[in-house]
Structure formats: C-alpha cells, structure tokens
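Taken together, the values in this text are just the output of simple stated rules run on the coordinates, not laboratory data. A quick note: this is a predicted structure, and the numbers were derived from the prediction, not measured. Here the Cβ positions follow ideal geometry from the backbone for every residue, glycine too, while neighbour counts run over all protein chains shown.
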Amino acid sequence: MTKIIKVDPVNFRKDELKIAIDTLIDGGTVAFPTETVYGLGADAFNSRAVKKIFEAKGRPLDNPIIVHLGEFDQLDSVAKHIPRWVKDSIDTLWPGPVTFVLPKAKKVPNEVTAGLPTVAVRMPAHPIPLTLAKETGPIGAPSANLSGRPSPTIAEHVIRDLYERVDVIIDGGETFFGLESTVIDATEDPPVLLRPGPMTLEELEEATGKKFKIHPVALVHEKVNTPKSPGMKYRHYAPRAKLILVEGDYDKALDRILELYNGYRTKRKKVALLVTKETAGKLNLSNDIIILGDRRNLYTVAKNLFKALRELDERNYEIGISESFELKGVGLAIMNRIRKAADSIVKA
Ligand code: TXA
Ligand code: MG
C-alpha cells in the first residue's frame, strides 16, 4: 500500500514527515517534491533500498542516481577529492538546483553510481527534502517518474506513474522550477556541463569564476556513442504522442507550425500545438493549443513543460508540435528536454 501524505511545502511541522523519515530509515522508498521536479528517494547508503527505486521506476541499472544532502557536513561521507573551486563556491550554489559529479566515497554503494567511480551530489533548495535528509542522512533519488516518461512536477504525476510501486508519496504541491537540476562534471578541468538545468551556465560561470565546457549531449545534437553520463543514451521525457519540434527563425517557424498543423488536420489527425501565449496569439487558433508559458519569461515555460507533455497524452492527441527557444539562459535546458522528447526536429 502506498501512503500519500499531503504537506504544505513551506509551512509544515517535522512530525508531519515522521512516516516518511521512518520509511527511509527502514529501507523503504519515498517520493517527495524538490525545487526542480519530484524525486523518488531511498537511503543512499542502503543498496537494497536503492534497488527498490530502480525496480519501481523500471530504470536501467546502468543509469546512476543523484545523492541529495540535508547539510554540508554530509558531503564528505559521499564524495572525496573535492576541487578547490567547488569548495569555494558551494555555499553560494547550495542549496540549489545544481548537481556536481565528484569522485565517490567508499561508503556509497555501486547501485547508486551504477558502478562508476564518481557520484552525483546536490543539496536541494526545498524545505521537504532538506528536512528529510537532515534526519535520515544522504538520500539517493532520481526523478519520480516511470523510466522514459516526463519528470513529475505535481504529486498527481507521481501517483499516476508510481502508485502501489513505492511506500510513501509526499504531496507537497507543484515544484518550483519544473526542470531537473543542472549537472556539472567536476572531475574534469575545465568542468563540463552534462545536463543544462534551472541554474544557468551563465550563473554558474559567474559564481565559480570558471569557464565550463558544454558536452555535446547537453545540446542533444547527434547520437553520441560513448555517453559520459549513462543516462544520456536513453530516450527521455517522451509522451506517447509523436512530438515534432520546429526550430529556426521565429517568423518562419510560425508559418511552418501552421502548415504542419493544417496538413495533419486535413489527414484527420488529432494534433496539438505546444506554444507560448505570444505565439498562440499570433497563430490565431483557439483549439488544440497547450500553453507553455510566456516567451518573455522562460522560467514559466520551464515550469510548465513536463505538464504540457503529459497533457498531450491525457487529451489523447496523436501529434504535438512545439515551438523552439534560444539556446541561452534557461532556454538551453528547455531545448535540451524538448529535443530529447522529440521524434523529429524540423528546420523552418
Ligand atoms: O533535479 C534533479 O536533478 C532531480 C531531483 C529529484 O533532484 N533528479 C533527477 O535525477 O533528475 P535523474 O536520475 O532523473 O537524473 C540524474 C542524471 C542522469 O542523467 C544520470 O545519468 C546523471 O544524473 N548522473 C548520475 N550520476 C552520475 C555520475 N556519477 N556521472 C555522470 N552522470 C551521472
Ligand atoms: Mg529522470
């Protein structure tokens, strides 16, 4: 039986989390909100507990998970040889949506790191996982979706994917950013951006004084044969509907989106457009629109993206057509997720 606990994400008493804390300590699995997406957690030092996460999600065993800390003192128990620049900037970056890949400490079981000599670590900027991990110690947690599905940003997504597959689901409302953390490989110098996220490259370079390299998979260009991060080789975030991403010059893309839409409509396909408020206004359509957010504030698009991908399926669309965004700031993370979810990318 999965227990669902409703908790206010900011104003809660610690005893409201007692069941979740006890479950983690006893080697069970708990889904919880973070500032990025919902995570599915287990005691990071308990290999049997960690295995349950992989089973519940149907996650390939060679895709390592992120360890979540509740306080800075826990870092040395999971990672070693932490570079100077990480130590010097960590107080300003954590808690926050950035994950560092570091050499792993002995205590971290191979199930967490999928046998790699490195471990991915972050301290989430969300009162619920911070409180949990303070009480239980480091928590290993990937996103709380079935493997391959869009990451959950509300508890309903988690319930739909994982009900009766996990011990506890904490319903703490909607997550703040809606996209998973930025992942940086800090074992390299210069450090390498493996996965763009809510903490932008520009912000990270400013905070660390480092110039980062961008791994090709972060841009999702071509298929990469030897992925640096094992998670990168799997198709992600995919709705059941066929997703088409239209890239290129904005005005040309608008024409192309309409052309594609009308073409599919003629063939009697159920097709929806994933577009911003501004674009919807320009296209002058009222049906078959799923609003992604506001082009002038791409954090709104980040927040709604995974919900929009799930909505395609919930409304039984066969095809979704998405507009694209500039590859800078949080736009880089948005484009990474849409490109990964897309079946095809069309150049306008
Ligand atoms: O925001 C987030 O990061 C969320 C919340 C729950 O914290 N978690 C999350 O976990 O997105 P997951 O498992 O869905 O993504 C973890 C990513 C994967 O791409 C994985 O391959 C990579 O981090 N990763 C984990 N350990 C790694 C390692 N040792 N070396 C390289 N990449 C690693
Ligand atoms: Mg995931």
> Using the alpha-carbon atoms, what tilt in degrees (0 to 90, nearest 10) does helix 47-57 show relative to the longest principal axis of the chain?
Replying inline: 10
> Compactness ratio of the chain: Cα Rg over 2.2 N^0.38 Å, N = residue count?
Replying inline: 0.98
> Magnitude of the Cβ-charge dipole of the chain, K/R +1 and D/E -1, about the Cα centre, nearest 20 debye?
Replying inline: 1040
> All other residues with a Cβ under 12 Å from the Cβ of ILE291 taken together, and with Lys, Arg as +1 and Asp, Glu as -1, what is their net charge?
Replying inline: -1
> Given the pairs LYS213/LYS282; LYS269/LYS340; LYS242/LYS282; LYS277/LYS328; LYS57/LYS340; LYS134/LYS328, which are separated by over 26 angstrom at their Cα positions?
Replying inline: LYS213/LYS282; LYS134/LYS328
> Among LYS134, LYS242, LYS282, which one shows the biggest mean-square fluctuation in a GNM of the chain, springs joining Cα atoms closer than 10 Å?
Replying inline: LYS282
> Just going by the charge dipole of segment 6-155, with Lys and Arg at +1 and Asp and Glu at -1 on Cβ, which of THR23, SER147, PRO9 is farthest out on the positive end?
Replying inline: SER147
> What's the exposure ranking of TYR163, TYR237, TYR264, TYR38, going from fewest to most Cβ atoms within 10 Å?
Replying inline: TYR163, TYR264, TYR237, TYR38
> Got a sec? How would SER324, SER151, SER89 order by Cβ neighbour count within 10 Å, fewest to most?
Replying inline: SER89, SER324, SER151
> Exposure proxy check: ASP26, ASP91, ASP343, ASP171 ranked by fewest other beta carbons within 10 Å?
Replying inline: ASP91, ASP26, ASP343, ASP171
